[in-house]
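Heads up, the thing below is written out as C-alpha cells.
Derivation of every value follows stated rules applied to the coordinates shown; laboratory data play no part. Quantities reported herein were computed from a predicted structural model and do not represent experimental measurements. With ideal geometry, Cβ positions are generated from the backbone for all residues, glycine too; neighbour counts draw on all protein chains shown.
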Amino acid sequence: MSKSHQASRLNMQAFANEGVPLIETTLLQDMERLAQEAQGLQPDSSVSWRASAEMRPGSGAEEDVWLHFQAKTSLPLTCQRCMGTVAAPLEVDQRYRFVATEEIAM
C-alpha cells in the first residue's frame, strides 16, 4: 500500500522501504536563500526535483538508508561583465547516506 510522503516531514526508513520516489516542483520564491541570489525572479520560476531512497547493505548487520536527490532549474543571475540578467542553468545530482549516530558517520 502506498503512503503519501511529505518532503518536509519524511521518515527516511519508510520512504526507502516503500521505494516510490517523490517528484515535485517547488517555486523558487519559496526557497529563500536561492531566491536571494536571483535577479528579476518571475512568480512562476520553479525548481523541478526528484528524491528516491533505497536500503543498501551497510558495514554492520543493519542496512543503510541512501537518498538520491536530483534537482534542475534556471536561475536568473546578474552577469558580471555586462550587468544584465542571464539565465544560469543549475542542476544537482547527489546521494546521501543516513546513519544512526555521529560516530558511524565519522
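For this structure, a couple of remarks:
- Computed helical MRE - 222 nm, the chain, DSSP H runs ≥ 4 contributing -39500 (n - 2.57), nearest 500: -3500 deg cm²/dmol
- Farthest toward positive dipole pole in the chain [+1 Lys/Arg, -1 Asp/Glu at C-beta], among Asn17, Met55, Thr78: Thr78
- Considering only trypsin sites (Lys or Arg not before Pro) in DSSP loops that have at most 12 other Cβ atoms within 10 Å, the longest stretch of the chain without any of them is 4-80.
- Normalised by the number of residues in the chain, the mean separation of alpha-carbon contacts (under 8 Å, six or more apart) gives a relative contact order of 22 percent.
- Fluctuation leader among Gly60, Gly40, Gly19 - the chain, Gaussian network, Cα springs under 10 angstrom: Gly60
- Per the Debye formula on identical point scatterers at the alpha carbon atoms of segment 2-90, with no solvent, log10 I(q)/I(0) at q = 0.21, 0.24, 0.26 Å⁻¹ is -0.97, -1.13, -1.23.
- Centre-to-centre, using Cα atoms only, segment 23-41 and segment 69-91 are separated by 12 Å.
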